[in-house]
Amino acid sequence: MPLNDQDIRALTYLAGRCRPTGAPRWDDAGIAAAIAKVRHLHLADVALSVIRAADDAKAQTPGVIANTSAPNWQERGTRPVAHEPFDPTTACDVCSLPAHRHTNNSGHEFVSVADATRTRTVRPKTRLPRTKETQP
Ligand SMILES: [Zn+2]
């Protein structure tokens, strides 16, 4: 279940409350922005990740919440992945994943199909000489 605005507000509040004493404070706007970047993911996974990240005294900024390859995301629930139909307006030209599922671990920069199509240059093949032209 993706997050709605109320979920984000609730988790923002909890993250602020969970910051350890002496750790750098996180501002609510930054926390909410980081959570919004992963709002398409499952609420339980995001909630656990937010709490784990907020409890990490070494985390300087709430940016780790949006980084799904960070340690706070290592434990995640196992649930079937919902089928997402291929959408050329949001898909990556390299791996076909939608933009929101692209992570730092994808191994390449996200390139939208639309951008790739626009910049792709298809040179026409050189014409082969006809038999009549090759004979003297
Ligand atoms: Zn890709």
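Points worth noting:
- Residues of region 1-55 that are in contact (Cβ under 8 Å) with a residue 40 or more places away in the chain and not in a helix (DSSP H, G or I): Met1, Pro2, Leu3, His40, His42.
- The single condition among (1) on the phi < 0 side of the Ramachandran plot; (2) over 20 Å from the mean Cα position of the chain (by Cα) that Val64 does not meet is (2).
- Test: residue in region 20-35 that is in contact with an Asp or Glu (Cβ under 7 Å, 6 or more places away or on another chain), exposed (fewer than 13 other Cβ atoms within 10 Å of the Cβ) and either modelled with pLDDT of 90 or more or not polar (S, T, N, Q) (or both): yes
- Cβ-Cβ under 6 Å pairs, at least 6 apart or on other chains, region 81-107 side surrounded by 11 or more Cβ atoms within 10 Å (Cβ to Cβ), far side among the aromatic types (Phe, Trp, Tyr): Cys92/Phe110; Ala99/Phe110; His102/Phe110
- Residues of region 87-123 that are more than 12 Å from the chain's Cα centre (by Cα), within 8 Å of the ligand (Cβ to nearest atom) and aliphatic (A, V, I, L, M): Val94, Val111.
The values are calculated or read from the model by the stated rules, or taken from the named source; none is laboratory data. Small disclaimer: the values here were computed from a predicted structure and weren't measured. As a convention, Cβ positions derive from the backbone with ideal geometry for all residues, glycine included, and neighbour counts pool all protein chains shown.
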